[in-house]
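Peer 1: Quick one: the structure is below, and I'll ask about it shortly.
Just so you know, all these numbers are worked out from the coordinates, no wet-lab data involved. It should be emphasised that the depicted structure is a prediction, and the values quoted were computed from it without experimental measurement. Ideal geometry is used to build each Cβ from the backbone, glycine not excepted, and the neighbour counts take in all protein chains shown.
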Amino acid sequence: MKTPLFNCFNEYNGLLSLTITGNYGGKYRNPYHCTRPELFSGSRTHSTDRTMDLGLAEDHFSRPVGSFVASDIEQLKLAIEECKKLIPELPEHSERQKDTVVKLIHLRLKLQELKDPEEDEPNLRVLLEHRFSKEKSKSVKQNCDKCNTFIWGLIQTWYTCTGCYYRCHSKCMNLITKPCVKSKVSHQSAYELSICPEIGLDRQDYRCAECRTPISLRGIPSEARQCDYTGQYYCSTCHWNDTAIVPARVIHNWEFEPRKVCRSSLRYLALMIARPVLRLKEINPLLFNFVEELVEIRKLRQDILLMKPYFVTCKEAMEARLFLQLQDRQHFVENDDMYSLQDLIDIYSGRLSCSLTEIHTTFAKHIKLDCERCQAKGFVCELCKEGDILFPFDSHTSVCHDCSAVFHRDCYYDNSTTCPRCARMTERKQDEMPHVKEA
């Protein structure tokens, strides 16, 4: 008969995870999670002279009633069974019952330590294009991507791939069959742009698309889980029901609801999210007709490209490193039609519009107000010869496509003649032609 002493009694990777409540004014958890100094000091004093030692030495594994020594795996297993039988028999919420629970935790940890001893593992291991680096963190909040169980950093050696962040126990490394996703990103920097391109379980031979484990929709022998990005089916080991924003749904439907994807797709999308590989005007040009935010961002990007020549030739702008404000989106100073998935997510949320408008204002202020050199590169409307100095990124101007001269928009479209600057350049070329012939 279980007492209310246990709120949770679950096993992960052969270890015991339990939460104990009692009359201490709070909760005891697995001692490796506890940060209270009195627990790590090795003693706790109450009204009696009871000492509760939380070390892992074998002397502390004695049964509260009687004693025995747990020195090997078989004896530890027997000790664990003895503790499990004894706990319900002891008085509820008693000190002896709490001591026994704590001892049971340590027995479990000691058993796992004997099964998976600490060895001198190399700091770097290369496998299937993964570059695994040995972790020093003692966090237990990570899961092994191979066996899908907790990584107990205190007593287990584990590695993380520096490329795709694949995590696994040292003992699981020889069982890995998944190549590094970063290599796929390097060789195939393009999204699948069909929405959930399902091919069916029969085309997969009723096997996981990745590890080839037999699967079915009925869950026998293993549950088939569909990845919304690839459209294929995976087993529960390769598909943890993680969710991610799918690029195809964003491009075609402007839909940002996260969908369930397999582990490899999750990593691939995470590594690709900041890469500018989406040319919207070719993939879905109609999107600009329905999403006003996209039109606004496109105009801001076009203006920034018009500002670029001013900064490239301005010493003050180079010293101030104004372009560093766009260091996370370098493609914004290279073109105006390539987008990353992160760009589209930020456009949808409104963050990109705010930040890019602020940067646009800073750039324009430097050119039009702060820097005399940049001001000297402005234009006077040659059609009306009136008004302030004009710049190509001003909202009320138009630019000649042939010579890049800047005019008031109203003057440019009302004028039926050709561009004055283009006319002068043409006349100059005609004047030079006779001299060329005579030579």
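Peer 1: Stretch Arg131-Lys365 to full length: gain in nm at 0.36 nm per residue minus the Cα-Cα span?
Peer 2: Here the answer is 79.6 nm.
Peer 1: Now for a separate question. Calculate, axis by axis, the spread of Cα positions in the stretch 190-272 along the three principal axes, and write the results as whole Å, longest axis first.
Peer 2: 37, 21, 20
Peer 1: So what is the relative contact order for the stretch 141-294, in percent, with contacts set as C-alpha pairs under 8 Å and at least six apart?
Peer 2: Relative contact order, the stretch 141-294: 17 percent.
Peer 1: Just to be sure I understand the model, the point goes 7 Å from the Cα along the line to the Cβ. What's the resulting Ile199 to Lys299 distance in nm?
Peer 2: 4.6 nm
Peer 1: Write out the trypsin sites (Lys or Arg not before Pro) in the stretch 191-220 meeting two conditions: DSSP loop, and at most 13 other Cβ atoms within 10 Å of their Cβ.
Peer 2: Here the sparse-neighbourhood loop sites are Arg203, Arg212, Arg218.
Peer 1: Using the Kirkwood radius built from alpha carbon pairs, what does the Stokes-Einstein equation give as D for the stretch 317-439 at 25 °C and 0.890 mPa s, in µm² per second?
Peer 2: Translational diffusion coefficient: 138 µm²/s.
Peer 1: Considering only the other residues whose Cβ falls under 15 Å of the Cβ of Cys196, what net charge follows from Lys and Arg at +1 and Asp and Glu at -1? Don't skip to the answer; put the middle values down first.
Peer 2: On the way: positive: Arg203, Arg225, Arg249, Arg259, Lys260; negative: Glu192, Glu198, Asp228, Glu255, Glu257.
Residues close to Cys196 contribute a combined charge of 0.
Peer 1: Two decimals is fine: what is log10 I(q)/I(0) at q = 0.12 Å⁻¹ for the stretch 283-375, from a Debye sum with one equal scatterer on every Cα and no solvent?
Peer 2: Calculated log10 I(q)/I(0) at the listed q: -0.39.
Peer 1: Ok, one more. Over the stretch 119-227, what is the mean sequence separation of C-alpha contacts under 8 Å (at least six apart), divided by residue count, expressed as relative contact order in percent?
Peer 2: For the stretch 119-227, the relative contact order is 17 percent.
Peer 1: Using a 7 Å offset from the Cα along the Cα-to-Cβ direction at both His401 and Ser355, what is the distance between the two label points in nm, to one decimal?
Peer 2: The modelled label-to-label distance comes out at 3.4 nm.
Peer 1: Contact order normalised by length for the stretch 124-175, with contacts defined as Cα pairs under 8 Å and 6 or more residues apart; what percent is it?
Peer 2: Relative contact order of the stretch 124-175: 33 percent.
Peer 1: Which lysines, if any, have their Cα less than 17 Å from the Cα of Lys377, not counting same-chain residues under 8 positions apart?
Peer 2: Lys308, Lys315, Lys365, Lys368, Lys385
Peer 1: Can you list residues from other chains, or at least 5 along the same chain, whose modelled amide H is less than 5 Å from the amide H of Ile176?
Peer 2: It is none; the list stays empty.
Peer 1: In this model, which of Lys184/Lys299; Lys85/Lys171; Lys134/Lys182; Lys136/Lys171 are farther than 25 Å apart at the alpha-carbon? Mind showing how you got there, number by number?
Peer 2: Details: Lys184/Lys299 34 Å; Lys85/Lys171 32 Å; Lys134/Lys182 19 Å; Lys136/Lys171 16 Å.
Table pairs above 25 Å Cα-Cα are Lys184/Lys299; Lys85/Lys171.
Peer 1: Follow-up question, since we're still on this one. For the stretch 229-234, what does the Karplus curve 6.51 cos²θ - 1.76 cosθ + 1.60, with θ = phi - 60°, yield as ³J(HN,Hα) per residue in whole Hz, taken in order and with x for Gly and Pro?
Peer 2: 7, 8, x, 8, 10, 9
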